[in-house]
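J.: Sharing a structure with you now.
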Amino acid sequence: MFHRIRRRAKQSEEHRRFAELSARLQDQVPPGIGVPPADPQPIEQTATVDDFLPPDLRVPSHDQVAGTMMPWKQPFVLDGAMVACVECGAYRDWLILSTRGQIWLRCPSGHQQREGRLDPAWFNRNRGPTDATHATFEDCLRHLGH
């Protein structure tokens, strides 16, 4: 019971000191309040630097490209079955094309077939970095050796 009385006495002493301090500071104003601001100093003009890459190092964004492709040299296995060209039966050395949200497989003979079991997310996970951009589909085929 005595500890409650001591605690109340201590709190009342703290309240009394806080009230005295507040009364003393009541009419004081912090420095800088009510004083007109100083004229701003003129800022030196610095040369603006273009922080973008030079045009020859820029890669077009995904909405500026009609599609992307990557080579797939080994046999292509989906759902436990090896994928083969429906026209010639080739099963390796594919080009995998991603365009308009679809995935297409192109065999070495030039036959193309849509692969519905794959999506652009799979393509993006498995492709490597882009090493070149080409203006036409044929230029890209030549670049990849087809």
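The values are calculated or read from the model by the stated rules, or taken from the named source; none is laboratory data. All figures in this text were calculated on a predicted structure; none of them were measured in a lab. All Cβ positions, glycine included, derive from the backbone under ideal geometry; neighbour counts span all protein chains shown.
J.: Let me spell it out: the conditions are (1) under 20 Å from the mean Cα position of the chain (by Cα); (2) under 22 Å from His143 (Cα atoms); (3) aromatic (Phe, Trp, Tyr), and Trp94 meets all of them except one. Which number is the exception?
T.: The one condition Trp94 does not meet is (1).
J.: Hey, can you tell me all the residues within region 122-146 that are of a type in the set (Val, Ile, Thr) and more than 13 Å from Ser98 (Cβ to Cβ)?
T.: Thr133, Thr136 - these are the residues of region 122-146 that are of a type in the set (Val, Ile, Thr) and more than 13 Å from Ser98 (Cβ to Cβ).
J.: Does Pro75 meet the test of being within 30 Å of Asp131 (Cα to Cα), in contact with a Lys or Arg (Cβ under 9 Å, 6 or more places away or on another chain) and surrounded by 12 or more Cβ atoms within 10 Å (Cβ to Cβ)?
T.: yes
J.: Could you run through region 120-136 and say how many residues are in contact with a strand residue (DSSP E or B) (Cβ under 9 Å, 6 or more places away or on another chain) and surrounded by fewer than 14 Cβ atoms within 10 Å (Cβ to Cβ)?
T.: Selection size over region 120-136: 4.
J.: Can you confirm whether Pro30 is without any contact (Cβ under 8 Å) to a residue 60 or more places away in the chain and not in a helix (DSSP H, G or I)?
T.: So Pro30 fits the description; yes.
J.: When you go through Arg24, Arg8 one by one, which is the residue that is at pLDDT below 80, out of contact with any Cys (no Cβ under 6 Å at 6 or more places or on another chain) and outside any loop (DSSP other than H, G, I, E, B)?
T.: Just one listed residue meets the conditions, Arg8.
J.: Turning to a different aspect of this structure: Since His62 meets every condition but one in (1) modelled with pLDDT under 90; (2) of a type outside the set (Val, Ile, Thr); (3) within 18 Å of His143 (Cβ to Cβ), which condition does it not meet?
T.: With respect to (1) modelled with pLDDT under 90; (2) of a type outside the set (Val, Ile, Thr); (3) within 18 Å of His143 (Cβ to Cβ), His62 is out only on (3).
J.: Glu138 - would you say it is without any contact (Cβ under 8 Å) to a residue 12 or more places away in the chain, assigned to a helix (DSSP H, G or I) and of a type in the set (Asp, Glu)?
T.: yes
J.: Which of the residues that make up region 101-117 are assigned to a loop (DSSP other than H, G, I, E, B) and closer than 14 Å to Met70 by Cα?
T.: Correct list: Cys107, Pro108.
J.: List pairs: first residue in region 88-102 and over 13 Å from Trp122 (Cβ atoms) and modelled with pLDDT of 90 or more, second residue charged (D, E, K, R) and surrounded by 15 or more Cβ atoms within 10 Å (Cβ to Cβ) anywhere in the structure, Cβ distance under 6 angstrom, at least six positions apart or on different chains.
T.: Once the first residue is over 13 Å from Trp122 (Cβ atoms) and modelled with pLDDT of 90 or more and sits in region 88-102, its partners that are charged (D, E, K, R) and surrounded by 15 or more Cβ atoms within 10 Å (Cβ to Cβ) give Leu95/Arg106.
J.: Follow-up question, since we're still on this one. So is Leu105 of a type outside the set (Phe, Trp, Tyr), under 29 Å from the mean Cα position of the chain (by Cα), surrounded by 13 or more Cβ atoms within 10 Å (Cβ to Cβ) and over 30 Å from Asp56 (Cβ atoms) or not?
T.: So Leu105 passes the test.
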